[in-house]
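First up is the structure itself, then whatever we jot down about it.
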Amino acid sequence: MTDRSNLVPIGGIRTPVEGRHHILSVLVENRAGVLARVALLFSRRGYNIYSLAVAPTDDERFSRLTMVVDVETASLEQITKQLHKLINVIKISEVDPSQAVEYECMLATVAAEGHNRAKVMELVELYDGEIVDVGVDQLTLMFALPPGRLDDVEAFLAEFGLVELQRTGRIALGKLPKPVRRTKRGKVS
Amino acid sequence: MKLTGAQALIKSLEMQGVETIFGLPGGAILPVYDPLLDSPIRHILVRHEQGAGHAAEGYAQATGRPGVAMVTSGPAATNIVTAIADAYVDSIPIVVITGQVATSSIGSDAFQETDTTGITMSVTKHNWLVTSASEIPRVVAEAFHVATSGRPGPVLIDFPKDVANQVMEWYWPKRLDLPGYQPTTKGHPKMIEQAAAIIAGAERPVIYAGGGVMRAGVAGQVLELAERTGIPVVTTLMARGIIPDSHPLALGMPGMHGCYTAVTALQRADLLITLGARFDDRVTGKVDGFAPVAKVIHIDVDPAEVGKVRRADIPIVGDLRSVLPELIRRLPAEQLRIAPWIGEIRGWQQRYPLSYEPSASGRPIKPQYVVERISAAATPDTILVSGVGQHQMWASQYFRFERPNGWINSGGLGTMGFAVPAAIGAKVGRPGSTVWVIDGDGCFQMTAQELVTASAERIPIKVAILNNGYLGMVRQWQEMFYEERYSEVYLSPDLPDYVKWAEAMGGVGFRVEEESEVDPVIEKANQIHDRPVVIDFRVDTFEKVYPMVPAGSTNDEIVLPPHQRGER
Ligand SMILES: Cc1ncc(C[n+]2csc(CCOP(=O)(O)OP(=O)(O)O)c2C)c(N)n1
Ligand SMILES: [Mg+2]
């Protein structure tokens, strides 16, 4: 049996309350130590990072950090102003959660024996997941979903028996403008 | 032209116009000390690396140019961290160069390895670990630019030993590539316009000038703003001397130990014109109760300061050098009609001037008296440097500051031991000025080994120890807030023997116990130009700093000295 004593209880990692979280997309120079500077700034000033995703951009001189910050701990304005003072931070954009597509990815190993197995496979189907590894009585699944839906999946998986779970930090991009539908009388409001 | 990394470092410093380095060598920085022998740069060998850092700070504040310190890796790097942190909170431009173990050993816990960039990350404006000799000119140029532009501050260059020995092709960067660093200089014209309008309509305005005004070197414009409008000025601990204390619009220092008038003027104001100040808790007292009815114009070069503690009604991010002339240009030609306000202020000044009870005959000397007498004998070019504690507050209160950059102290960090090495740096930077230190007995003991540096390098500073035999400021708090339960604050006035200490370190020592001896000894000290002087002034142990706003109270709860109480 897998040792489950280190498992984070469900509910320990939840999406912060809507409206209290903000997404910052931070373009930084791709240099040694930059992530440490950002992380240190947050801890030193008592701000909370809820989730963090880092990857190089298409321009290899730069990386992009996507941070979900909890603005209970400090005003967003202070956080961004302090971030801007870091010499390696080039640009900060705030992504409004209501005007963005947000995704997180999750890998989860669940118990899948007997009739459970079919139920797990059904869940994978329903949530557009993928079975990425198959064991005798366990399955490892992958889901890439908006955070709220991923929370739902996580809750279901807990019912089957979670063995191990890993979620990524959130990534987000602003929503694209949509064409305006026209009627004979003009714009639809 | 081929140079070694060490040669390139020294040459880069020369390119930046560096004339003086304060430092102390060791294994990792050894290669850099060799080409230093062939350089016109003067190196001043300190006796402890913290001293090198404070000396660089003193130099920077006295000259307006960045101070430079160079030390080796490991313990030397950690020794200088206090000074770096001090420079960070007081926005002092210094460039610190630390040796580092060879790049191949970094991360292996090699001899005298510390993670210097990691340790100093949160107390520098930026730091660099040089990994190849070809980076040196670029990094040095960037470091000086970052240290001196925008809101100034300390930077650190960590310099591995093998990089010093690499060979590189010399170049000097034509332009800097710092895409993430573009300090705002110009204030928003609309905001400046609004600021001018609000000033014109104010009834009880005060100019609240902080250390940023000193850094920007805009004392002239602040005076112009004040005189043009007739608005009075409070000068924080970091801004003493921004307008002459003798000026009718000068109200003195606000804050925990500020004078009644400055504190109360801020409290009653309907408009604060905040210039390069940051609403430090030592100024505001309990923030919620600070200047409760005032609108705030906040002008600062650091966007993060604007609105950080107190919401600004008119936030202006920009360099005072450009914003102030723009603001003054837009102001009405005549002075404001604020006679009732000025009248109220004059009333406070008359009723509650800064004052202390003079010493009765045969009683110990009052510390304030010593400060007054040093001030009275001081030539206009005198620079006053202080440590941290009661003596610092008395120095700030009772010395007459008549010009900017004549007052150097550790404000934001409150670093005991700052004074002696900072004074050395100031004297090196402005050899023509007389440099006086007003130090506490406790502070003096923390860094007095630098008197050896002063003697050896012929840096004739003058140190007045206000020897009260105590960690006086802490003693004052224990007396007032801990029912006189004195815990670990007694030092003894006789141990050490400060006169012998001065003599042992190559200086002149005096001891003064009578008020009548104060003037003559100051006169004697002012005549000594070839070595440091230390005067052990035996002062009244029981004297407390007043006024005082107790921690956690609002500025309305200011406590006056006993002889001024009961009238309010
Ligand atoms: C490095 C450091 N340690 C401790 C303190 C706390 N502290 C503030 S003032 C003070 C007393 C200073 O004593 P002294 O130099 O004799 O000055 P006095 O207050 O007696 O004038 C102390 C211990 C400090 N500011 N800095
Ligand atoms: Mg003392």
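Note on B:Ser516 and A:Glu29: with the Förster distance fixed at 60 Å, the Cβ-Cβ geometry gives a FRET efficiency of about 0.40. Taking only C-alpha pairs under 8 Å that are 6+ residues apart, what is the relative contact order of segment B:367-538 in percent? With pairs under 8 Å counted, the relative contact order is 23 percent.
Three principal axis extents of segment B:446-533 based on alpha-carbon atoms, in descending order, are 47, 30, 17 Å. Accessible surface of B:His188, taken over heavy atoms with a 1.4 Å probe and every protein chain present, rounds to 110 Å². The share of Cα pairs per 10 Å bin across segment A:20-63, counted from zero up to the longest distance, runs 23, 54, 21, 1 percent. Between B:Arg228 and B:Gln335, residue separation times 0.36 nm minus the direct Cα-Cα distance comes to 37.9 nm. Database remark: amide H of A:Glu164 closer than 5 angstrom to the amide H of A:Thr109 (H placed geometrically; neighbours at sequence offset of 5 or more, or on other chains; Pro and chain starts carry no H).
Once the convex hull of the C-alpha atoms of segment B:367-538 is built, how many Å³ does it hold per residue, rounded to a whole number? Present the calculation step by step, with values, prior to reporting the outcome.
Values: hull volume 18.6 nm³, N = 172.
Per-residue hull volume (Cα only) is 108 Å³.
Beta bridges from DSSP with both residues in segment B:2-169: antiparallel share about 10 percent, rounded to the nearest 5. Separation of segment B:160-178 and segment B:462-527, taken as the distance between their Cα centroids, equals 49 angstrom. Counting Cβ atoms of other protein chains within 10 Å of each residue's Cβ and taking the mean over peptide B:298-307 gives 3.
Our summary gives segment A:101-173 a relative contact order of 52 percent, counting only alpha carbon pairs under 8 angstrom and 6 or more residues apart. Note that segment A:123-189, at 20 °C in a medium of 1.002 mPa s, gets a Stokes-Einstein diffusion coefficient of 141 µm²/s from its Kirkwood radius over C-alpha pairs. Partner shielding of B:172-184 amounts to 3, given as the average count of beta-carbon atoms from other chains within 10 Å of each residue beta-carbon. Backbone N atoms of segment B:306-335 closer than 17 Å to the 7 Å Cα→Cβ label point of B:Thr185 belong to residues B:317-327. The stretch between B:Trp477 and B:Ala504 holds 6.3 nm of extra length on full extension. This uses 0.36 nm per residue minus the Cα-Cα distance. Sorted largest first, the principal axis extents computed over the alpha-carbon atoms of segment B:208-302 equal 33, 30, 23 Å. Rg and Dmax over the alpha-carbon atoms of segment A:21-95 stand at 11.3, 34 Å.
Applying the Kirkwood pairwise sum to the alpha-carbon positions of segment B:189-351 produces a hydrodynamic radius of 15.3 angstrom.
When all protein chains stay in place and ligands, DNA and RNA are ignored, the 1.4 Å accessible-area order of A:Cys105, B:Cys259, largest first, is A:Cys105, B:Cys259. The ellipsoid that matches the Cα gyration tensor of the protein assembly as shown has semi-axes, each √(5λ) in whole angstrom, of 52, 34, 26, with the longest given first. Potential lengthening of the chain between B:Arg400 and B:Thr379 amounts to 6.4 nm, from the contour at 0.36 nm per residue minus the alpha-carbon distance.
Using every pair of distinct Cα positions in segment B:343-394, the Kirkwood expression returns a hydrodynamic radius of 13.5 angstrom.
A probe of 1.4 angstrom, applied to the heavy atoms of all protein chains, finds B:Ser492 with accessible area near 20 square angstrom. Principal semi-axes of the equivalent ellipsoid, √(5λ) from the alpha carbon gyration tensor of segment B:2-169, are 21, 18, 15 Å from largest down.
Taking the 1.4 Å solvent-accessible surface of the protein assembly as shown as the whole, the part contributed by carbon and sulfur is 52%.
With the simple model of a label 7 Å out from the Cα in the direction of the Cβ, B:Val287 to A:Lys175 spans 3.5 nm. Across all directions, the shadow cast by the convex hull of chain B built on its C-alpha atoms averages 26.4 square nanometres.
Over the whole of A:75-86, what's the average partner chain Cβ count within 10 Å per residue? Rounded to a whole number, please. Mean inter-chain Cβ contacts per residue within 10 Å come to 4.
The accessible area of A:Leu145, taken with all protein chains in place and a 1.4 Å probe, comes to roughly 10 Å².
The eigenvalues of the Cα gyration tensor, multiplied by 5 and square-rooted, give chain A an equivalent ellipsoid with semi-axes of 34, 25, 16 Å from largest to smallest.
DSSP bridge analysis restricted to chain B gives an antiparallel fraction near 5%, rounded to the nearest 5.
Ranking B:His529, B:His54, B:His145 from most to least accessible surface, computed with a 1.4 Å probe over the protein chains only, gives B:His529, B:His145, B:His54.
The values are calculated or read from the model by the stated rules, or taken from the named source; none is laboratory data. A quick note: this is a predicted structure, and the numbers were derived from the prediction, not measured. Every residue, glycine as well, gets a Cβ built from its backbone with ideal geometry; the counts of neighbours run over all protein chains shown. When the accessible area is computed, the model is the full protein with side chains, heavy atoms only, and any ligands, DNA or RNA have been set aside. Shrake-Rupley method; radii C 1.70, N 1.55, O 1.52, S 1.80 Å.
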